[in-house]
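Novice: Encoded as structure tokens, here's the structure I'll be asking about.
The values are calculated or read from the model by the stated rules, or taken from the named source; none is laboratory data. Just so you know, these numbers come straight off a predicted model, no measurement behind them. Cβ placement follows ideal geometry from the backbone for every residue including glycine, while neighbour counts extend to all protein chains displayed.
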Ligand SMILES: C[S@@+](CC[C@H](N)C(=O)[O-])C[C@H]1O[C@@H](n2cnc3c(N)ncnc32)[C@H](O)[C@@H]1O
């Protein structure tokens, strides 16, 4: 495997300067500059311990309600992966097992906490007729949206059929590859939602252009992504030789071999793509997500604890197959980096955080493809 030190590291995050509301700068002002610098620093709670929110239960509890209809898998390094995702050009390298489904559902919970219980930032009114959830995963967002909007017809599409076999009458799941030409009608969807698929999308211009072509005039699109490979820090507590950087650099290098450049990801990156595709009134909402319950404040503390729970298996979910298959790193070494990251979070001395971006845009009423 390549030595992380021999490659360009992520730029170190600047401490934030402008005080804004604690969780959100909405919408961000000048986006040509770094959007990440406009949030206020997270304050450290010196009395925090990792177990502030730990009720002793394990992340590995099984989610019985999820479908077990997955038929076609490969097993690597103790995790189960769907063939549809991994066999064809290493399309998507995260696992397809109960542990991963639990993690995705916990990530959905984290997004709800971030958005104060809302499913999106787009100003949706009433029940939009046709809704598309891109890379629906366990289908949890699509199902929640469908239940709140009984007048909407929601399609959740994913490479792998990992959704429940039961569903609400107004929610359907389909298996398809969003990187291929979309077969949906043009000018059709009244809301398109895409969350946490960035590690798998190689051509963002094509992806957002297809969103534009298939959105109805006046429809909203929302892209929600997170800074998956880089850690940010406001107080210098994450040292240069932190295992977090080893992880981030290896994961970024691995995905780069597939043509996915996660180092570029930022609110401005997704904004630019939506604008170039033709969307207007594009806005970026940026949130800090602490890695661990070290910050002051009930909401940040809770968010940090939820995030730590997600990262318990999250480092491995993103990193294990990517580093072993794409960088030829021995599995023990990859696992050691992932475990090292999680242990560092539990230790609580390195006070890092990531970003979550919600980027929304609207197709002009006059535009019809
Ligand atoms: C990290 S999961 C996120 C799931 C869901 N969006 C959520 O937020 O709960 C990413 C999902 O995108 C799917 N995916 C990745 N590449 C895809 C593609 N080219 N076409 C369709 N789905 C894809 C994966 O199979 C996986 O289920």
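Novice: Taking the range 274-297 only, how many residues are assigned to a helix (DSSP H, G or I) and surrounded by 23 or more Cβ atoms within 10 Å (Cβ to Cβ)?
Specialist: Selection size over the range 274-297: 1.
Novice: Then there is this: Restricted to the range 217-264, and to residues that are touching a strand residue (DSSP E or B) at 6+ places or on another chain (Cβ under 8 Å), part of a loop (DSSP other than H, G, I, E, B) and within 16 Å of the ligand (Cβ to nearest atom), which residue is modelled with the lowest pLDDT?
Specialist: Of everything passing the filter in the range 217-264, 228 is modelled with the lowest pLDDT.
Novice: Another question, if that's okay. Search the range 278-296 for residues that are on the phi > 0 side of the Ramachandran plot and pair each with any residue that is assigned to a strand (DSSP E or B) when their beta-carbon atoms are under 7 Å apart and the residues are at least 6 apart or on different chains.
Specialist: 281/361; 281/362
Novice: Hey, any hits in the range 195-210 for a residue that's farther than 29 Å from residue 322 by Cα and either within 12 Å of the ligand (Cβ to nearest atom) or buried (at least 23 other Cβ atoms within 10 Å of the Cβ) (or both)?
Specialist: Looking through the range 195-210, none of the residues is farther than 29 Å from residue 322 by Cα and either within 12 Å of the ligand (Cβ to nearest atom) or buried (at least 23 other Cβ atoms within 10 Å of the Cβ) (or both).
Novice: Also: Name the helices (runs of 4 or more DSSP H) wholly within the range 78-173 that hold at least 2 residues that are more than 14 Å from the ligand (Cβ to nearest atom) and out of contact with any helix residue (DSSP H, G or I) (no Cβ under 7 Å at 6 or more places or on another chain)?
Specialist: 140-148
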